[in-house]
Amino acid sequence: MLKYLFVIWIFFVIVGCSQGESRVAEGNRLGILHIGNGAEPSSLDPQVATDVSSAQIMQAIHESLITLNPENLNPEPGIAESWEINEDGKVYTFKIRQDGRWSNGDPITVDDVYWSFSRYLNPALGNPWSYMLFPVVNAERYVSGEIDDFSQVGFEVIDENTFQIRLRNPTPYFLQLIAHSSSAIVPRKVIEEYGSPTARYSQWTRAGNMVGAGPFILERWDISQPIVVRKNPNYWGADRIKLREIWFHPIENGATEERLFRAGQLHISGGIPTDKIPAYEDSNSPVFHSQAYLGTYYYKVNTTRPPFDNVKVRLALAMSIDREAITERVMQRTGSPAYAFVPPGTLGYQPPKTFDYDPEIARQLLAEAGYPDGEGFREFELMYNTSEGHRRIAVAIQQMWKRELNLDVTLANQEWKVFLDTMDNLDFDIARAGWIGDYVDPLTFLDLSTSANGNNNTGFADPVFDRMIYEYVPSAPTERERLERFYEAEEYLMQRMPIIPLYTYESKYLMAPSVKGVYPNIRKLINYRYVYLEDQ
Amino acid sequence: MLRFIAGRLLQAIPVLFAVVTITFFLVRAAPGGPFDDEKAVVPEVRAALEAQYQLDQPLHRQYFSYLGDLLRGDLGPSFKYPGRSVNEIIAAGFPVTAELGIYAILVAIMIGGVAGVTAALRPNTLQDYLPMSAAMIGICMPAFLLGPLLLLIFGVKLEWLPVSGWGQLSGDKLLPSLTLGTAYAAYIARLSRGGMLDVMTQDYIRTARAKGLPEHIVVVKHGLRAGFIPVVAFLGPAFAGILSGSFVIETVFQIHGLGRFYVQAAFNRDYTLIMGCTLFLSVLIILFNLLSDIVAAWMNPRLRAQVGGGRRK
């Protein structure tokens, strides 16, 4: 037996690798930030990548016309040093800075800017983000191939440092779209050097090939290894940049990430495993951070299938869910109860609360719909994509519907892609969904339930609601009036309940006290231009 | 011998062809595609994406063009990781899988060998029954059960060892290697026990003992050499099995080896990556089986005559 232990011990010694000074301490000393970055990033091409872990890195290595202040998400100068919006809110004029340089030292010209947007919308590239710029004149027609002359789209070079964008309608959130990571300005010369500019699998994003306009420059990117970016000395605002390097560590497992953080290997974690949250919360740990996030977890109801075509049934289902119990007990406060679709605090917008947890009224509604005490209601299926977290919530709701309404629900789960296929074919009764806003405006949530939206997937098609979103809201004379009209539209939507909101996402993560310049915001945006490390 | 090897390699060609064909059509038959995502893209964009990867062409044409690329050694671009080729992902993932496999084999040989020899020294006593029952449990226990079990005990409850990763935290290579090696350790224990039992009753062992050699030298120097032959023969298929079996381990422990990319590729419908991994592993399994046949033939004169062909006539 001793032999065994000895063998195992030797093995442990050989395999185990020990580290001296912790990465965090060393990072604080040298100005190197270590971030837990979730899954392996798919791509670092702004017009190709759609995943969150890629976006985090692209924030550092690319730059758009404008950037966002991390504290209040207000627009700040980027490649454009200033901008003007005309009176009717439809023409945006940007002054391109003269001292802008690519990371290889070449000047950033207005032609680069124009070319970047032409690539953005080029139908051959298949940019998944292209819908974001549909507010621009003729952009949608160009993407759909209706017109093939890019000069007809609302982008224009006025002179060598003036760039203009014309919109179809006033779009108050348009600057956010321009600041989005997908709208980054990309280097034409370099991209063309590595083959077709519309090829997704181009090699220009490799470390060594990559040239960017961002405050940092890609230094190392090997599969499954930390991605390293270092300060770009050619960046126009290089004086302000305090970090020397950022290491993005691909770590998918939350428990591992948390241990790495505790071991002093990471400055910032992407999240925290749910079961660890209470301990951090109860001890008021200074490294624990929690903030509202621009996302909603909800259930889609297939409104084309009886008995769910009856609005009273949908309302009864929504009102018999005890959301407090779910967020408190099932989810360990990783979310807050939602009674509307738009998360509270979206650009100053507070959503309506048209209903509450009220089993009594829910039973009444169900009886009015013809199913007193659930009698005659067919057994139905609650569908979710395979995951332990979704299952736990579904089980809780299954019990609530049984207890309050006496309805028999079976749970079904499907592998992700099969699940998406099922959604597209409307082949479900009720299904789990989540939505993260693309930009901070109620529209990114509310247009989801319009009849033509590709992500609607509920069969809900209401011309009145469509008109509210596409005509009534945009014609609002002031921004305040616009939000009030959104409020009305959301009230209307929630009275019809094609989607049952459950909770608003909250992001919880760990951050070392030495990290400064990271602010809580609803987008969970870290602007690395502001971040610095304090050497203790 | 050369003829034997050439024959086996020729046999491998139709096998690989069948693997490619079946996999190709099976993955296409699965619901959903590489560009389905939570946020549905505009139809025109989707069409453009599919056109970039020739998914808009008829299936048979895609198949033949894939075969054409394959003959040139090109496994195509990955769908999920634009800018990365499948060849490159395999090249990045395989060393990790191979390292895990080597540790697992070492674990298996060390634990299995010690257990088997210990058991063989005192057959039909407690010293035999105990390790052999443990081996039986080891064989019966699937890795997807043993892995989480070890994780729960050493990772979550005791917090002695990391729960996932590879080379990120000290000691994180231990649990995966142990989990993957255990089932094979059990086989090796049984094989080495059998081998040793055979050998230890041989005349030359009695001679060695008669010379007055201490028992441990008899066992280690004279016994093991012959007693381990069945184990050596088993190592080839075992290593092939470990490489393909490491998917489960890599998924449980979230190790960025080939197995994990393979499993993720299936979830992502990353067609080319699924094909590439399947093909690569098939080739490995064929090669390791061939290798173990060659080693077995080399060790066993009777078999050697058989595969040598001509001489037997």
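The values are calculated or read from the model by the stated rules, or taken from the named source; none is laboratory data. A quick note: this is a predicted structure, and the numbers were derived from the prediction, not measured. Note that we place each Cβ from the backbone using ideal geometry, even for glycine, and neighbour counts take in every protein chain shown.
Data for the structure
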{"quantity": "The listed residue being part of a loop (DSSP other than H, G, I, E, B), assigned by TED's automatic domain parsing to the domain that holds A:H62 and of a type in the set (D, E, K, R), out of A:R166, A:R200, A:R230, A:R141", "calculated": "A:R200"}
{"quantity": "Residues being under 19 Å from B:M200 (Cα atoms), within 14 Å of chain A (Cβ to nearest Cβ) and of a type in the set (S, T, N, Q) - total across the stretch B:116-170", "calculated": "2"}
{"quantity": "B:A108 being in contact (Cβ under 8 Å) with a residue 24 or more places away in the chain and either among the hydrophobic types (A, V, I, L, M, F, W, C) or in contact with a His (Cβ under 6 Å, 6 or more places away or on another chain) (or both)", "calculated": "yes"}
{"quantity": "Residue in the stretch B:230-245 that is assigned to a helix (DSSP H, G or I), within 14 Å of chain A (Cβ to nearest Cβ), touching a Gly at 6+ places or on another chain (Cβ under 6 Å) and modelled with pLDDT of 80 or more present", "calculated": "no"}
{"quantity": "Yes/no for A:A340 being part of a loop (DSSP other than H, G, I, E, B) and among the small types (G, A, S)", "calculated": "yes"}
{"quantity": "Residue list for the stretch B:93-111, filter: buried (at least 19 other Cβ atoms within 10 Å of the Cβ) and either aliphatic (A, V, I, L, M) or within 10 Å of another protein chain (Cβ to nearest Cβ) (or both)", "calculated": "B:G93, B:V96, B:L100, B:Y103, B:A104, B:I105, B:V107, B:A108, B:I109, B:M110, B:I111"}
{"quantity": "Residue in the stretch A:291-301 that is of a type outside the set (A, V, I, L, M, F, W, C) and assigned to a loop (DSSP other than H, G, I, E, B) present", "calculated": "no"}
{"quantity": "Every residue from the stretch A:331-370 that is at pLDDT 90 or above and among the aliphatic types (A, V, I, L, M)", "calculated": "A:A338, A:A340, A:V342, A:I361, A:A362, A:L365, A:L366, A:A367, A:A369"}
{"quantity": "Wholly within the stretch A:386-465, helices (runs of 4 or more DSSP H) carrying at least 2 residues that are in contact (Cβ under 8 Å) with a residue 40 or more places away in the chain, in contact with a strand residue (DSSP E or B) (Cβ under 6 Å, 6 or more places away or on another chain) and surrounded by 16 or more Cβ atoms within 10 Å (Cβ to Cβ)", "calculated": "A:388-405"}
{"quantity": "Residue match in the stretch B:267-276 (condition: more than 14 Å from every other protein chain (Cβ to nearest Cβ), over 30 Å from B:L152 (Cα atoms) and modelled with pLDDT of 80 or more)", "calculated": "yes"}
{"quantity": "Conditions (1) in contact with a His (Cβ under 9 Å, 6 or more places away or on another chain); (2) closer than 20 Å to A:R305 by Cβ; (3) at pLDDT below 95: number failed by A:Y439", "calculated": "(2)"}
{"quantity": "Given (1) closer than 30 Å to B:G227 by Cα; (2) over 20 Å from the mean Cα position of the chain (by Cα); (3) of a type in the set (S, T, N, Q); (4) facing chain A (nearest Cβ under 8 Å), index of the condition B:S192 fails", "calculated": "(4)"}
{"quantity": "Given (1) crowded, with 16+ Cβ neighbours inside 10 Å; (2) assigned to a helix (DSSP H, G or I), index of the condition B:Y204 fails", "calculated": "(1)"}
{"quantity": "Contacts under 7 angstrom Cβ, first residue in the stretch A:471-500 being among the β-branched types (V, I, T), partner part of a helix (DSSP H, G or I), 6 or more apart", "calculated": "A:V473/A:R482; A:V473/A:R485; A:V473/A:F486; A:V473/A:A489; A:I499/A:S449; A:I500/A:L317; A:I500/A:A318"}
{"quantity": "Subset of the stretch A:97-143 [β-branched (V, I, T) and out of contact with any Pro (no Cβ under 6 Å at 6 or more places or on another chain)]", "calculated": "A:I108, A:T109, A:V110, A:V113, A:V136, A:V137"}
{"quantity": "Lone qualifier among A:T205, A:T198 - being in contact with an Asp or Glu (Cβ under 7 Å, 6 or more places away or on another chain) and of a type in the set (S, T, N, Q)", "calculated": "A:T205"}
{"quantity": "Verdict on B:R84 being at pLDDT 90 or above and basic (K, R)", "calculated": "yes"}
{"quantity": "Residue within the stretch B:27-35 that is outside any loop (DSSP other than H, G, I, E, B), touching a residue at least 40 places away in the same chain (Cβ under 8 Å) and under 23 Å from A:F419 (Cβ atoms) present", "calculated": "yes"}
{"quantity": "Top-ranked residue in the stretch B:7-34 [being facing another protein chain (nearest Cβ under 8 Å) and touching an Asp or Glu at 6+ places or on another chain (Cβ under 7 Å); ranked as surrounded by the fewest Cβ atoms within 10 Å (Cβ to Cβ)]", "calculated": "B:P31"}
